[in-house]
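Engineer: Here it is, the structure, as structure tokens.
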Amino acid sequence: MDTREEILHILDQKGSILQKDLWKELSIDSSKCSRILRKLEKEDLIRRLEIVVDGVKTFKIVPADAEIEEEIEDEFNLEAIMEKMEDLTGLPPCFGCSEYDCEALNCIKLEVWFLRKSKID
């Protein structure tokens, strides 16, 4: 089975997959995966939907005939909710953080929060 067929088979099995997960699953480099996906997209076999996951832009790959629902990742963006909560309550990001093994002294989110607070106050 060639890589194109493997991609279509994966989509048939899973329904959708993030582009970064696809190239890892296929054990190919990201640029090769992108080239193949662009060709499949031009042939109307797949669609690449631009989404944001964990604050990083990526693509969700779906079959061309898939029904597209509004992206839950975009609607329920935990990072955006935490930022809004910080703005409303003034609480540090640790209050709603999901990284349980985080160390406060090495936390980038907490450092950014302190820098923002020091500029506001």
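Every number in this text was worked out from the coordinates using simple rules, so none of it is lab data. Values in this document were obtained by computation on a predicted structure and should not be read as measured data. Glycine also receives a Cβ, built like all others from the backbone with ideal geometry; neighbour counts cover every protein chain displayed.
Engineer: As an exercise: evaluate Ser31 against (1) hydroxyl-bearing (Ser, Thr, Tyr); (2) assigned to a helix (DSSP H, G or I); (3) surrounded by 14 or more Cβ atoms within 10 Å (Cβ to Cβ) and give the number of the one condition it does not meet.
Structural biologist: (3)
Engineer: Also: How many of the residues making up segment 23-43 are closer than 20 Å to Glu67 by Cβ and within 17 Å of the chain's Cα centre (by Cα)?
Structural biologist: Here the count works out to 0.
Engineer: In segment 1-19, what residues are out of contact with any helix residue (DSSP H, G or I) (no Cβ under 7 Å at 6 or more places or on another chain) and under 17 Å from Lys57 (Cα atoms)?
Structural biologist: Of everything in segment 1-19, those that are out of contact with any helix residue (DSSP H, G or I) (no Cβ under 7 Å at 6 or more places or on another chain) and under 17 Å from Lys57 (Cα atoms) turn out to be Ser16, Leu18.
Engineer: For residues that are aliphatic (A, V, I, L, M) and either outside any strand (DSSP E or B) or surrounded by 12 or more Cβ atoms within 10 Å (Cβ to Cβ) (or both), scanning just segment 44-59, find the one that is nearest to the chain's Cα centre (by Cα). First the steps, then the outcome.
Structural biologist: Filtering segment 44-59 for residues aliphatic (A, V, I, L, M) gives 45-46, 49, 51-53, 56.
Among the residues that remain, those that are also either outside any strand (DSSP E or B) or surrounded by 12 or more Cβ atoms within 10 Å (Cβ to Cβ) (or both) are: 45-46, 49, 51-53.
On the way: Leu45: 22, Ile46: 18, Leu49: 11, Ile51: 6, Val52: 5, Val53: 2 Å.
Once the filter is applied, the top-ranked residue is Val53.
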